[in-house]
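**Student:** Pasting a structure below so you can have a look.
The numbers here are math on the coordinates, done by the rules we state, and not lab data. Note that the structure is predicted; figures quoted are calculated from it, not measured. Cβ placement follows ideal geometry from the backbone for every residue including glycine, while neighbour counts extend to all protein chains displayed.
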Amino acid sequence: MAYNPYYDWPETAAALLLAFGFLVSVMARSAMFQYMLLFLAGLVFGRLMFRWRPHKKTSLVLIIIGFLMGYMLGGIWANRKLLVAVYAIAIWTGWQLEKHNVFRARTFES
């Protein structure tokens, strides 16, 4: 099957974020710094999960897993199970913060 950028954008984004997660994780030398960076990324992805269109959430889950896989590949100083737990808690926290309008964001409607 040929590559179609219109239909295959989640796979492309997941591959790019896999590489980005790997680079960020390798550049963070200490385990505590890796956990903090992953928590911030999880907050962002949790907010995106709340705002994303319901019929496209599968695409975002693929992208989220791609970032986590890249981060875990590069996170040689951190505990893998703790990385997954911190990421899941951060995504849930980001979802809840967005649900309760803790962070205000300006949206532009056309």
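**Student:** Grab the DSSP H runs of the chain that are 4 residues or longer, score each as -39,500 (n - 2.57), total them, divide by all residues and round the 222 nm result to the nearest 500 deg cm²/dmol.
**Tutor:** Counting only the DSSP helices, I get -24500 deg cm²/dmol.
**Student:** 7 Å from Cα along Cα→Cβ at both TYR6 and TRP92: what's the point-to-point distance in nm?
**Tutor:** Each label point is offset 7 Å from its Cα along the Cβ direction, giving 4.0 nm.
**Student:** Also, quick follow-up: Go through the stretch 13-25 residue by residue and turn each phi into a ³J(HN,Hα) via Karplus (6.51, -1.76, 1.60, θ = phi - 60°); whole Hz please, and just put x for glycine and proline.
**Tutor:** 5, 5, 5, 5, 6, 4, 5, 5, x, 4, 5, 5, 5
**Student:** Let me ask another. What are the ³J(HN,Hα) couplings of the stretch 54-65, residue after residue, when phi is run through the Karplus curve with 6.51, -1.76, 1.60 and θ = phi - 60°? Round to Hz, x for glycine and proline.
**Tutor:** Taking θ as phi minus 60°, the curve returns x, 7, 10, 5, 4, 4, 5, 5, 4, 5, 4, 5 Hz for the stretch 54-65.
**Student:** If you wrap a convex hull around the C-alpha atoms of the stretch 26-99 and split its volume per residue, what is the figure in Å³?
**Tutor:** Given the Cα convex hull of the stretch 26-99, per-residue volume reads 71 Å³.
**Student:** A further question on this structure: For labels at TRP77 and ARG53 in the simple 7 Å Cα→Cβ model, what's the distance in nm?
**Tutor:** Going by the 7 Å Cα→Cβ label model, 4.2 nm.
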